[in-house]
Amino acid sequence: MDFDYASIDADFSVHDLFNGSGPAQGISNLLTNRLVQDGRYSVIERSRIAEILREQNFGQTGRVDASTAAEIGRILGVDAVLIGSITQFNLDAEESGLNLFGFGQRTRTYQAEVQLTARLVNTTTAGIVMAAEGSGTARKRDESFSVGGIGGIGNSSANPNQLLKQAAEAAILQL
């Protein structure tokens, strides 16, 4: 199931992970890809889950808990359902520099942090079979220099979405 977004940092408008689908669906997509890569797990296609949610009006109740996840799983005919939350999804930027007599140096450091929790729910008993956590970080540093106060040279290659994706991938790997 799609992860829910339980982060204290509720403003994720800048975090356009996966072409506007938002962090919760983006994290779920990354995790789905990771789970099916080696062929050990069989995963139900997201469109089928969405169809069941619409038919049964599960979307009206808000967050999915262990009992609703088990009911959805029984309808889908699966052994277990994975539910989870994004508990941290932050991007911080720090800037420092020095300018003396028209000569300057500036450094920007970006750090993305993602934390996830997940629970595997047995569809027969609604019991939580397993719980896990994962966290990941990604950093990027850009430096530039200016001479005479005009123009400058340096790099500015930090992509916030790419940093968040890297941190999310690290969190999923740990999860």
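The values are calculated or read from the model by the stated rules, or taken from the named source; none is laboratory data. Worth saying up front: this structure is predicted, and the values here are computed from it rather than measured. Cβ atoms come from the backbone with ideal geometry, glycine included; neighbour counts cover every protein chain shown.
Assorted remarks:
- Scan of region 13-47 for residues that are under 11 Å from the mean Cα position of the chain (by Cα), modelled with pLDDT under 85 and hydrophobic (A, V, I, L, M, F, W, C), ordered by number: Leu17, Phe18, Ala24
- All positions within region 60-111 that are more than 25 Å from Leu30 (Cα to Cα) and of a type in the set (Phe, Trp, Tyr): Phe101, Phe103
- Arg34 being farther than 27 Å from Val114 by Cα, surrounded by fewer than 17 Cβ atoms within 10 Å (Cβ to Cβ) and not hydrophobic (A, V, I, L, M, F, W, C): no
- Comparison of Val81, Val129 shows that the only residue that is hydrophobic (A, V, I, L, M, F, W, C), in contact (Cβ under 8 Å) with a residue 12 or more places away in the chain and over 16 Å from Asp2 (Cα atoms) is Val129.
- Qualifying positions in region 57-72 - loosely packed, with under 14 Cβ neighbours inside 10 Å and at pLDDT 75 or above: Asp65, Ser67
- Test: residue in region 98-109 that is in contact with a strand residue (DSSP E or B) (Cβ under 7 Å, 6 or more places away or on another chain), part of a strand (DSSP E or B), within 27 Å of Leu173 (Cα to Cα) and in contact (Cβ under 8 Å) with a residue 24 or more places away in the chain: yes
- Check on Glu55, of a type outside the set (A, V, I, L, M, F, W, C), assigned to a strand (DSSP E or B) and more than 17 Å from Tyr5 (Cα to Cα): no
- Inter-residue pairs, beta-carbon under 7 Å, first touching a residue at least 12 places away in the same chain (Cβ under 8 Å) and at negative phi and in region 33-57, second surrounded by 14 or more Cβ atoms within 10 Å (Cβ to Cβ) and outside any helix (DSSP H, G or I), 6+ apart: Ile44/Val78; Ile49/Met1
- Scan of region 140-171 for residues that are surrounded by fewer than 13 Cβ atoms within 10 Å (Cβ to Cβ), at pLDDT 70 or above and within 25 Å of the chain's Cα centre (by Cα), ordered by number: Asn159
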